[in-house]
Amino acid sequence: MKVVGLLAGFGAVLVAASVEPGAAGPGPEIQPAMASFRALSPDESNEVIEEYCQRCHNDRRMSGNMSLADFDAALAYEQAPTAERMIRKLRAGMMPPPGTERPDEATLQGLATQLEATIDSASALRPNPGTRTFQRLNQAEYAASIRELLALDIDPEGYLPPDTKSANFDNIADAQLLSPILMDAYLNAAAEVARLAVGDPEAIPSEATYKVPRLASQTEHVEGAPFGTRGGISVVHTFPADGEYRFRILLQPTPTGELFARTARDERLEISVDGERVALLEIDRWMSQSDPDGTEMETDVVPVRAGPHRISAAFLPTQEGPVVDVLSPIGHSLADTQIGLAYGITTVPHLRELRIGGPFEVTGVSDTPSRREVFHCRPTAPAEEEPCATRILTRLSTKAYRRPVADDDLADLLAFYRDGHAQGGFEAGIRTAIQAMLASPHFLFRIEELGEPTDVDGVYALTGVDLATRLSYFLWGAPPDGELLAVARDGRLADTEVMEAQVRRMLADPAAEAMGQRFAAQWLRLSDIEKVHPDALKYPNFDTQLSEDMVEETIRFFNHLVQADESVLDLLTADYSFVNERLARHYGIPGIAGDDFEQVSYPMEHRRGLLGHGSVLTLTSHANRTSPVLRGKWVMEVLLGTPPPPPPPDVPDLDATSEAVDGRYLTVREQMELHRSNPSCNSCHSVIDPLGLALENYDVTGRWRIKDSGNPVDVRGELYDGTPLNSVEDLREALLKRPEPFLRTFTENLMAYALGRRVEYYDMPTIRAITRRAAAADHRLSAYILGVVDSDAFRLKAADAAVTDAASY
């Protein structure tokens, strides 16, 4: 088999393309600067390196832990790791560093172009797809696989330990450590999932707990709860059998252990199953009959049928109109935040936990979505049981193992079926076999086989089935569907046109929303917002629901770019987003009503793109103040792929310099200037701070402001390349002036997520080839996705890790 990826056989073309980057240009609506620069000759490059780079990067100073004393630009491919570090800094405009002598821009970019051309042409002669160990299903993939296999939604965090992240993602193979604890968790999960899917007529009572975030508002309607209620919680819980269940409610206590809002009158909490009330708890009456400091209530037993049901525990209104607190008549109660939880100043009780216990008396197992998915046949006589079991297990194992099931695999499952059948009959046998299936390495691990050898020694094509699995977990975060597996089994997925057709079909499917929920959310580090709890005295309108809305906005925005096949550059420039009433009010956008998200055009220029999203601005803040350092660091790491070095030891926190001076508090900018006066801090902060200060008009929660600590906000700064920054618009334009770092960083993250391994220096020629090809397609998302899928790194596999040595060039 010949190598057919982006680089194979195109050495000369790549050299020419590297000399004129961006020649294709972007579309007419987006005009980032993509100027072409003449590549220097190797001798010219060496002269520049000697004059401007070796002053710091020599054997004595070793700045950045790198010496260029023996570096030869003509042989850059022999020192590719070092050359790639140079290219990254040169393309971003970060080298030579601020305050030092530097040549003109054409010279610096010409040096970068020459290094790229030299490496890319050498790489084209020997493509290196890299290698990785096998992957296991992480929490999200496990849950998605169970849902596709058994029509059963589970919370993977209740079964599996947290996933280790590397290179931003939780699917990086060599970071997925195996341990006895993890294997026990997989075995326990298999037993419980099989029990829930098939049903358990012998279920014994147990209790599941659902917690309400401490900062969740209790005055707003919760999605899924009956209309007309407020606060509380609404969940989908899977019941293992028909029977009687009991619901327990724990209310939030004060720091002294008393009921939070114990002076509330006429407060009632409704428990409903699928929207139908099954219990009504009167809080003040319940508390008057129990321990006066008690915070726990429970219902009588309630009959519930097996399967998934929506359970809601929510407060009923006690007055006409919105619930407000006279202490602070704002959009929602000031006391409906951590202030109330700390000091007990509220008229609103807070739900802490919903606990579902049972079954206490099993009456049978009703039909459920999972049982319909499992039992595609029903034996009517003993002689029909094993043939029916064979059909059921063949069908399920083919989906579970993501390939045609082998005879030996089926024989093993039938042996488990017989063991279970001997103890409890046909359904018990099926449940036992499903449990064994879910504990099988064929389900839990994605072990890829070597397919047809290529014309490069030690490099093999993936089999069609393994390629389909890679593609499906990349785009859907879930196993391949029947159509994709059929194409793969026929060997047609190796055809570029067939692969492109499948990619476009999959991107048009609602399952592709996993690109936003899984890829974008991790690349942009949206989960970090959970670590930020803005000070309630300064930001009383912030709560868990607003935080979740911010994250939802960013995920919906990214998924829109995928579905509409918009430009990647819209991540920086889009003048629209997706908001509901609460978030629109937070941003100051009028005319939006209700909880549903809708697309809106920003009436203000400063909200454009990710830099105006509340999620990004909040996750890069501290609880009581903004952080130009965190925001600047986020831009450098997430958008530009140039993380700053760690701070030196014994550097004081910024809060230590925040005292009042001359009768007023210092702005964050003034605090940063004091902090930056430390020589050990200045070298890095002169690069980081201007990026973050350009965003200082946004407060901790992403609201626009013009004052900080009573003083006018001052965002003026100078980028590391000398570009003046006077606004967030200037920062956006500066990033578009040099689009290559952003586009390549996006591509690197996309490829790392798709491959399940970190992107290494030997992948950079492929990254550059993908971005060049995408430029000709106006940087549409599909061009980047197809570029990754069409790459040797995605389609091929190196059998020997030695291929990754620099000598492989």
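The values are calculated or read from the model by the stated rules, or taken from the named source; none is laboratory data. Quantities reported herein were computed from a predicted structural model and do not represent experimental measurements. Glycine also receives a Cβ, built like all others from the backbone with ideal geometry; neighbour counts cover every protein chain displayed. Please note that ligands, DNA and RNA were not included when accessible areas were found on the heavy atoms of the full protein model with its side chains. Shrake-Rupley method; radii C 1.70, N 1.55, O 1.52, S 1.80 Å.
Using a probe of 1.4 Å, the accessible surface attributed to residue 165 totals some 110 Å² when neighbouring protein chains are kept in position.
Ranked by the mean number of other Cβ atoms within 10 Å per residue, highest first, peptides 622-635, 717-730 order as 622-635, 717-730.
Remark: relative contact order (region 458-556) = 24 percent; criterion is Cα-Cα distance under 8 angstrom and separation of 6 or more residues.
Please report, as a whole percent, how much of the solvent-accessible surface of the chain comes from carbon and sulfur atoms (probe radius 1.4 Å). Percent of accessible area from carbon and sulfur atoms in the chain: 51.
The convex hull drawn around the Cα atoms of region 453-525, when projected onto a plane and averaged over every direction, covers 5.9 nm².
Quick check for you: with a 1.4 Å probe and neighbouring chains kept, what is the accessible area per residue of the chain, in Å²?
On the way: 33750 Å² over 809 residues.
On a per-residue basis, 42 Å².
Here the spin labels are modelled as points 7 Å beyond Cα on the Cα-Cβ line, and at residue 386 and residue 301 they lie 4.0 nm apart.
Compute the FRET efficiency between residue 75 and residue 47 as 1/(1 + (r/R0)^6), taking r as their Cβ-Cβ distance and R0 = 25 Å, and round to the nearest 0.05.
Working: r = 16 Å, r/R0 = 0.63.
It comes out at approximately 0.95.
Per-residue packing, averaged as other Cβ atoms within 10 Å, sorts the ranges 512-518, 219-225 into the order 512-518, 219-225, beginning with the highest. The aspartates and glutamates within cross-link reach of residue 797, meaning a Cα-to-Cα straight distance under 16 Å and a gap of 8 or more places when in the same chain, are 174, 448, 449, 452, 455, 457, 466, 760, 763, 805.
Taking the Cβ of residue 606 as the centre, find all other residues whose Cβ is under 15 Å away and add up their charges (Lys, Arg: +1; Asp, Glu: -1). If you can, show how the numbers build up before the last one.
Values: positive: 607, 608, 631, 703, 705, 732; negative: 575, 605, 696, 699, 729, 730, 733.
Every neighbour counted, the sum reads -1.
In the assembled protein chains, residue 684 presents an accessible area of approximately 40 Å² (probe radius 1.4 Å). Based on alpha carbons, the Rg and Dmax found for region 113-214 are 20.8, 72 Å.
Plainly put, the chain has a radius of gyration that is 1.00 times its Kirkwood radius, both from alpha-carbon atoms, as the Rg/Rh ratio.
If I take R0 = 41 Å and measure r between the Cβ atoms of residue 407 and residue 504 in this structure, what FRET efficiency does the formula 1/(1 + (r/R0)^6) give, to the nearest 0.05? Computed FRET efficiency for residue 407 and residue 504 comes out at 0.70. Label point 7 Å out from residue 665 along Cα-to-Cβ: which residues of region 543-578 have amide N under 16 Å? Zone members listed by number: none at all. Over region 49-204, the pair-distance histogram of Cα-Cα distances with 5 Å bins from zero comes to 1, 7, 12, 13, 10, 8, 7, 7, 8, 8, 7, 5, 3, 2, 1, 0 percent, rounded to whole numbers. Taking all protein chains together and rolling a 1.4 Å probe, residue 571 ends up with roughly 0 Å² accessible. By the Stokes-Einstein formula, at 1.002 mPa s and 20 °C, region 465-597 with its Kirkwood radius over alpha-carbon pairs has D equal to 126 µm²/s. With the simple spin-label model, which puts each label point 7 Å out from Cα in the Cβ direction, the residue 575 to residue 599 separation comes to 1.5 nm. When every Cα-Cα distance of region 728-806 is counted in 5 angstrom steps from zero, the calculated P(r) takes the values 3, 14, 25, 22, 16, 10, 6, 3, 2, 0 percent.
Between residue 637 and residue 280, the contour length at 0.36 nm per residue exceeds the alpha carbon distance by 123.4 nm. Each Lys or Arg adds one and each Asp or Glu takes one away; over the other residues whose Cβ falls under 12 Å from the Cβ of residue 384, this sums to 0. Entry for region 55-127 at q = 0.11, 0.17, 0.28 Å⁻¹: log10 I(q)/I(0) = -0.28, -0.66, -1.41, Debye formula applied to identical alpha-carbon scatterers, no solvent contribution. In the chain, a dipole from Cβ-located charges (positive for Lys and Arg, negative for Asp and Glu) runs towards its positive end, and of 401, 181, 745 it is 745 whose Cα lies farthest in that direction. Sorting the segments 591-599, 408-416 by their mean number of nearby beta carbons within 10 angstrom, highest to lowest, gives 408-416, 591-599. At full extension, residue 564 and residue 733 could sit 58.4 nm farther apart than now, given 0.36 nm per residue minus the alpha carbon distance. Phi angles across region 632-638 convert, under the Karplus curve 6.51 cos²θ - 1.76 cosθ + 1.60 with θ = phi - 60°, into 3J(HN,Hα) values of x, 5, 4, 4, 5, 7, 7 Hz, Gly and Pro given as x. With a Förster radius of 22 Å applied to the C-beta separation of residue 457 and residue 760, the computed FRET efficiency comes to 0.65. Here residue 89 is the anchor, and the lysines within straight C-alpha reach of less than 18 Å, apart from those fewer than 8 places off in the same chain, are 633, 737. Dipole check for the chain: with +1 at the C-beta of Lys and Arg, -1 at the C-beta of Asp and Glu, and the Cα centre as origin, the magnitude is about 380 Debye.
Placing a pseudo-label 7 Å from each Cα along the Cα-to-Cβ vector at residue 718 and residue 447 gives an inter-label distance of 6.1 nm. Adding -39500 (n - 2.57) for every DSSP H run of four residues or longer, then dividing by how many residues the chain holds, sets the calculated 222 nm ellipticity at -11500 deg cm²/dmol.
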